[in-house]
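Here's the structure we're looking at; comments come further down.
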Amino acid sequence: MFYYIVFILLSVLALAEMVVTPRNVKNWTFFVVIFVFILIGGLRWRTGSDWFPYFNFYTKFASDDPIFMLSMETGFTYFVGFLRLFSTQFTFYLLILSLITISLKALFFYRFTNALFLASLLFWGTALSDVIAVRQMLAISLCAVSTIYIVQKKPWIFALLVLLAAQIHVTAYVFLVSYKIYHLEWPVSSKYLILVFAVTFGLTVGSEKILEYAINIIPDGFGMARISRKAEAYMNIGNEITVTETLSKTQRTIAAVLKRAILLPVFFLFQNRLNSKPYNGFLNLYTFGNALYFIVIDFLTLQRAATYFYFFEIIIFCLIFENVKSKGIWLLIIILYSLLKLVSLILSAEKLLIPYIWIFSEDTYRFHS
């Protein structure tokens, strides 16, 4: 119920986008909302995905154990080691992680949209505002900020931020292609062709060929060897989806296509209507992320690479809202869409999220198998 109460409050706040709100009032309100998100994420206890592994890693941190250190990326281990100089309490780690992860995303929203309340609602509905952050969410936030330097055409700063993100979670290397993709002149027809190719590739060739290729060409350095090790591990595991999935690969692909069959055409429709470089660039990246998802549809783990491009959905929605006349209709659409995403997110991890437990709860017990 807690998550839905927050959603209702944010929906009411989003109504303010329908009227002219003084910029300083909007900024301060947005700041308060982000501050609340940080507290929710930082003060949680036994709540969220991978809470227990990260709790054990932080509280039992052993920098003199090479096997222990190899369980996480080098940059993340340095980050944890640095935080432990100040406190070994896991709540301290969560507060700092939430502060950085959520604030960086907030900076991205602030930089690219005036519909800050709507961005907050979408942020909560589609990703629970990173209040259950893990290290990949921190890496994604660094990549989000790097987008500022894509727009400003500062490739070296962009690359440095992405390389930093990759030391937190190795999958961030995939975001290096974003600089080129953002600036491409991709007509809508090309985007459709790319998606068709991705679906066809995923159904026929499959992810195994990509893993084989990665193992052969990935060099050492900057944590790249970790990618090769992961690729070999995934090859040994095989298609982990088939272990528990009752649908065939074709059925899963069709289901994924249907999920995107409404949203993507709408986004593509506004490419020509808005004729905006930021919108077109963000849509390029969002399209690439969806294409990447279909290419690696065989492997749940590899699908993590596509998540670096999903947060552009939020900014695309906001840019559409800012430029349409029928704002009331679009506000309703966005609220309903966010609600559906929120319900799906909560149901997928219900045992880890419900009830929301924080450090001040009388009963902090949660069943964990």
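The values are calculated or read from the model by the stated rules, or taken from the named source; none is laboratory data. Given the structure is predicted, the values throughout are model-derived calculations rather than measurements. Backbone-built Cβ (ideal geometry, glycine too); neighbour counts: all protein chains shown.
Rundown of residues vs (1) within 12 Å of Tyr54 (Cβ to Cβ); (2) without any contact (Cβ under 8 Å) to a residue 60 or more places away in the chain; (3) exposed (fewer than 14 other Cβ atoms within 10 Å of the Cβ), yes/no style:
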position: Met72; (1), (2), (3): yes, no, no
position: Gly75; (1), (2), (3): no, no, no
position: Leu85; (1), (2), (3): no, yes, yes
position: Tyr93; (1), (2), (3): yes, yes, no
position: Leu97; (1), (2), (3): yes, yes, no
position: Thr101; (1), (2), (3): no, no, no
position: Lys105; (1), (2), (3): no, no, no
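Starting from residues that are aliphatic (A, V, I, L, M) and in contact (Cβ under 8 Å) with a residue 40 or more places away in the chain, keep the ones in segment 143-157 and report whichever is surrounded by the most Cβ atoms within 10 Å (Cβ to Cβ). Break it down stepwise before answering.
Initially, segment 143-157 is screened for residues aliphatic (A, V, I, L, M), giving 144-145, 148, 150-151, 157.
In the following step, the residues that additionally are in contact (Cβ under 8 Å) with a residue 40 or more places away in the chain were identified as 144-145, 148, 150-151.
Values: Ala144: 26, Val145: 18, Ile148: 16, Ile150: 23, Val151: 16.
So the residue we want is Ala144.
Regarding Leu164, is this residue at pLDDT 95 or above, in a helix (DSSP H, G or I), more than 13 Å from the chain's Cα centre (by Cα) and among the aliphatic types (A, V, I, L, M)? It would help to see each step written out before you state the result.
Details: at pLDDT 95 or above: yes; in a helix (DSSP H, G or I): yes; more than 13 Å from the chain's Cα centre (by Cα): yes; among the aliphatic types (A, V, I, L, M): yes.
Spelling it out, Leu164 is indeed at pLDDT 95 or above, in a helix (DSSP H, G or I), more than 13 Å from the chain's Cα centre (by Cα) and among the aliphatic types (A, V, I, L, M).
Do we find that Asp298 is out of contact with any helix residue (DSSP H, G or I) (no Cβ under 8 Å at 6 or more places or on another chain), of a type outside the set (Gly, Ala, Ser) and more than 28 Å from Ala16 (Cβ to Cβ) in this structure?
no
Of Val6, Val33, Val12, which residue is part of a helix (DSSP H, G or I) and in contact with a Ser or Thr (Cβ under 7 Å, 6 or more places away or on another chain)?
Val33
If you check every pair at least six apart or on different chains, which have Cβ atoms under 6 Å apart with a residue in segment 42-58 that is of a type in the set (Phe, Trp, Tyr) first and a residue that is part of a helix (DSSP H, G or I) second?
Phe55/Phe90; Tyr58/Val80; Tyr58/Phe90; Tyr58/Tyr93
When you check Pro278 against the structure, is it assigned to a loop (DSSP other than H, G, I, E, B) and not acidic (Asp, Glu), yes or no?
no
Can you name the residue in segment 295-311 that is in a helix (DSSP H, G or I) and under 17 Å from the mean Cα position of the chain (by Cα) and is also surrounded by the fewest Cβ atoms within 10 Å (Cβ to Cβ) among such residues?
Once the filter is applied, the top-ranked residue is Arg304.
Read through the list (1) of a type in the set (Lys, Arg); (2) under 30 Å from Thr91 (Cα atoms); (3) assigned to a loop (DSSP other than H, G, I, E, B), then give the number of the only condition that Lys325 fails.
(2)
Please find, within segment 318-329, the residue that is surrounded by the fewest Cβ atoms within 10 Å (Cβ to Cβ) out of those that are in contact (Cβ under 8 Å) with a residue 12 or more places away in the chain and of a type outside the set (A, V, I, L, M).
Gly328
Check Tyr4, Tyr54 and return the single one that is at pLDDT 90 or above and surrounded by fewer than 20 Cβ atoms within 10 Å (Cβ to Cβ).
Checking each option against the conditions leaves just Tyr4.
Taking into account only those residues within segment 7-33 that are among the β-branched types (Val, Ile, Thr) and at pLDDT 90 or above, which is surrounded by the most Cβ atoms within 10 Å (Cβ to Cβ)?
Looking at residues that are among the β-branched types (Val, Ile, Thr) and at pLDDT 90 or above, I get Val33.
Is it fair to say Tyr337 is surrounded by 22 or more Cβ atoms within 10 Å (Cβ to Cβ), assigned to a helix (DSSP H, G or I) and at pLDDT 90 or above?
Numbers: surrounded by 22 or more Cβ atoms within 10 Å (Cβ to Cβ): no; assigned to a helix (DSSP H, G or I): yes; at pLDDT 90 or above: yes.
Here the answer is no, as Tyr337 does not meet what is asked.
For Ala133, which of the numbered conditions (1) closer than 13 Å to Ile38 by Cβ; (2) part of a helix (DSSP H, G or I) fails to hold?
All conditions pass for Ala133, except number (2).
So, in segment 340-369, how many residues would count as being surrounded by 15 or more Cβ atoms within 10 Å (Cβ to Cβ) and part of a helix (DSSP H, G or I)?
Residues that pass the stated criteria total 6.
Here is a check on your reading of the model: is Leu94 closer than 26 Å to Arg46 by Cβ and either modelled with pLDDT under 95 or part of a helix (DSSP H, G or I) (or both)?
It is true that Leu94 is closer than 26 Å to Arg46 by Cβ and either modelled with pLDDT under 95 or part of a helix (DSSP H, G or I) (or both).
If Leu203 satisfies every condition in (1) at pLDDT below 60; (2) in a helix (DSSP H, G or I) but one, which is the exception?
(1)
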